[in-house]
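So the structure is just underneath, and the comments pick up after that.
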Amino acid sequence: MSQETATLGLILVGWTAFYFLAKQFKLDEKGWDIAPLYALYKSTRLNDIIDKMAAINPTGWKTLGNIGIAASVGQGGFITYILLKNIWSFIFVPEQASPVQPLIPGVTISANSLPWFLLAAGIIILSHELGHGVMCIVEGVKVKSAAVMFAVITFGGAVEPDEEDMEKASIWSRMRIYAMGSIINLITGLLTIPVFIFFGQSMPIYLVIFFNWLYFVAINLAMMNMLPIGPLDGGQMWREFTQRFSYGQSLRTGATYGFIGLILMNIILSLSKFGLVPI
């Protein structure tokens with residue numbers, strides 16, 4: 001048995017034990033929402049934290065949201081270019097193609113990298129959701145619930161805005177809310193660059209691995225999340241933009257399936273050339 005398989009097995013065993021203990025001690029009656037693949041801990045303290053963050057500088061948050069809207073065009077456009085260029089490379093200049101593959105703990109993520117990937121992914125997801133929550137409050141949209149999320153392979157966060165408040169909010173308010181998570185991720189990823197420039201040579205190897213994952217996850221999530229695919233934030237922004245047109249539904253459906261096809265084509269071509277590449 002490989003080290004990666006053993007690590008993944010330990011994670012699954014540990015999660016299974018947690019799941020059954022949580023059910024046994026009825027944690028669902030103490031603010032937990034327990035499911036087979038994830039657990040959410042809801043607390044009013046999280047809402048209080050979001051409220052306090054939003055109150056620090058509402059104008060500044062709105063400005064950042066506006067920057068996020070503008071940046072979303074560049075983020076979505078850039079990742080589209082990368083995906084199309086990679087397909088071109090696979091077909092015409094295979095030696096220049098890059099692998100595109102799912103991140104699978106124990107398979108494409110090595111055992112040595114796995115803990116640092118989980119930590120980085122958790123931080124990125126949590127900050128992403130906090131960004132959405134803060135912008136909701138700034139825009140006058142109530143956050144019905146805020147939770148810390150623990151999943152089989154990582155942790156993160158989740159916020160649930162009030163649907164009626166979202167419908168009443170202006171289109172620009174909703175766009176800022178959708179864009180905030182990704183601009184936070186983009187900033188986080190970019191901030192790792194000076195860390196490498198000034199401290200990269202002196203950092204312990206485990207910190208190098210962690211910051212590499214932090215950069216990788218933050219930048220890729222910031223880009224991919226802005227694609228106009230239905231459930232993604234980019235898809236929500238695309239819906240806001242296209243719903244004014246009589247053919248808006250066709251544009252949304254075409255974008256969703258078109259970009260899913262683009263991603264799948266990259267993955268299929270990558271698997272045929274590289275197989276699964278451990279990171």
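Could you figure out which of (1) of a type in the set (D, E, K, R); (2) more than 18 Å from residue 72 (Cα to Cα); (3) in contact (Cβ under 8 Å) with a residue 60 or more places away in the chain isn't true of residue 168?
Checking residue 168 against (1) of a type in the set (D, E, K, R); (2) more than 18 Å from residue 72 (Cα to Cα); (3) in contact (Cβ under 8 Å) with a residue 60 or more places away in the chain, the one that fails is (3).
Could you say which residue among 52, 42 is under 21 Å from the mean Cα position of the chain (by Cα), of a type in the set (Lys, Arg) and under 27 Å from residue 222 (Cα atoms)? Working first, answer last.
Details: 52 fails: under 21 Å from the mean Cα position of the chain (by Cα).
Step by step, each of 52, 42 is checked, and only 42 is under 21 Å from the mean Cα position of the chain (by Cα), of a type in the set (Lys, Arg) and under 27 Å from residue 222 (Cα atoms).
Select, from 250, 246, the only residue that is more than 24 Å from the chain's Cα centre (by Cα) and modelled with pLDDT of 95 or more.
Working: 246 fails: modelled with pLDDT of 95 or more.
Result of the check over 250, 246: 250.
Filter the range 25-55 down to residues that are at pLDDT below 75 and of a type in the set (S, T, N, Q), then give me how many there are.
The number of residues fulfilling the criteria is 2.
Part of a helix (DSSP H, G or I) and out of contact with any Gly (no Cβ under 9 Å at 6 or more places or on another chain): which single residue out of 220, 266 fits that description?
Details: 220 fails: out of contact with any Gly (no Cβ under 9 Å at 6 or more places or on another chain).
Just a single option satisfies the conditions, and that option is 266.
Take the residues in the range 97-141 that are touching a strand residue (DSSP E or B) at 6+ places or on another chain (Cβ under 7 Å) and part of a loop (DSSP other than H, G, I, E, B), then tell me which one is modelled with the highest pLDDT.
As a first pass, look at the range 97-141 and keep what is touching a strand residue (DSSP E or B) at 6+ places or on another chain (Cβ under 7 Å): 103, 114, 117, 122, 125-126, 129-130, 132-133, 136-137, 141.
Those left that are additionally part of a loop (DSSP other than H, G, I, E, B): 103, 141.
Details: 103: 83, 141: 96.
Among those that are touching a strand residue (DSSP E or B) at 6+ places or on another chain (Cβ under 7 Å) and part of a loop (DSSP other than H, G, I, E, B), it is 141.
Checking the condition of a type in the set (Val, Ile, Thr) and within 26 Å of residue 133 (Cα to Cα), which residue from 50, 82, 91 passes? Steps first, please.
Details: 82 fails: within 26 Å of residue 133 (Cα to Cα); 91 fails: within 26 Å of residue 133 (Cα to Cα).
So the residue among 50, 82, 91 that is of a type in the set (Val, Ile, Thr) and within 26 Å of residue 133 (Cα to Cα) is 50.
Please enumerate the residues belonging to the range 13-33 that are within 25 Å of the chain's Cα centre (by Cα) and surrounded by 14 or more Cβ atoms within 10 Å (Cβ to Cβ).
Taking the range 13-33 and keeping what is within 25 Å of the chain's Cα centre (by Cα), we get 14-16, 18-19, 31-33.
15, 18, 19, 32, 33 - these are the residues of the range 13-33 that are within 25 Å of the chain's Cα centre (by Cα) and surrounded by 14 or more Cβ atoms within 10 Å (Cβ to Cβ).
Say we look at the range 157-201 and pick out the residues that are loosely packed, with under 15 Cβ neighbours inside 10 Å and under 27 Å from residue 41 (Cβ atoms); which of these is modelled with the lowest pLDDT?
Top of the filtered list is 163.
Can you find even one residue in the range 56-75 that is modelled with pLDDT of 80 or more, surrounded by fewer than 16 Cβ atoms within 10 Å (Cβ to Cβ), farther than 22 Å from residue 218 by Cα and among the polar types (S, T, N, Q)?
Checked against the condition, which is being modelled with pLDDT of 80 or more, surrounded by fewer than 16 Cβ atoms within 10 Å (Cβ to Cβ), farther than 22 Å from residue 218 by Cα and among the polar types (S, T, N, Q), the range 56-75 yields at least one hit.
Give the residues of the range 86-97 that are free of Cβ contacts under 8 Å to residues at least 24 places away in the same chain and surrounded by 13 or more Cβ atoms within 10 Å (Cβ to Cβ), sorted by residue number.
89
So, in the range 220-259, how many residues would count as being surrounded by fewer than 16 Cβ atoms within 10 Å (Cβ to Cβ) and within 23 Å of residue 101 (Cβ to Cβ)?
Filtering the range 220-259 down to residues surrounded by fewer than 16 Cβ atoms within 10 Å (Cβ to Cβ) leaves 220, 231, 240-241, 243-250, 253-254, 257-258.
Pick out the ones that are also within 23 Å of residue 101 (Cβ to Cβ) and you get 220, 231, 257-258.
Within the range 220-259, residues that are surrounded by fewer than 16 Cβ atoms within 10 Å (Cβ to Cβ) and within 23 Å of residue 101 (Cβ to Cβ) number 4.
Is it the case that residue 22 is farther than 30 Å from residue 184 by Cα, of a type in the set (A, V, I, L, M) and in contact (Cβ under 8 Å) with a residue 12 or more places away in the chain?
On the way: farther than 30 Å from residue 184 by Cα: yes; of a type in the set (A, V, I, L, M): yes; in contact (Cβ under 8 Å) with a residue 12 or more places away in the chain: yes.
Against the criterion (farther than 30 Å from residue 184 by Cα, of a type in the set (A, V, I, L, M) and in contact (Cβ under 8 Å) with a residue 12 or more places away in the chain), residue 22 qualifies.
Looking at residue 229, is it part of a loop (DSSP other than H, G, I, E, B) and either touching a Pro at 6+ places or on another chain (Cβ under 8 Å) or closer than 21 Å to residue 175 by Cβ (or both)? Give the derivation first.
Details: part of a loop (DSSP other than H, G, I, E, B): yes; either touching a Pro at 6+ places or on another chain (Cβ under 8 Å) or closer than 21 Å to residue 175 by Cβ (or both): yes.
Criteria met by residue 229.
The values are calculated or read from the model by the stated rules, or taken from the named source; none is laboratory data. On a predicted model such as this, the values are computed, not experimentally measured, just so you know. Counting neighbours? That spans all protein chains shown, and the Cβs are built from the backbone with ideal geometry, glycine included.
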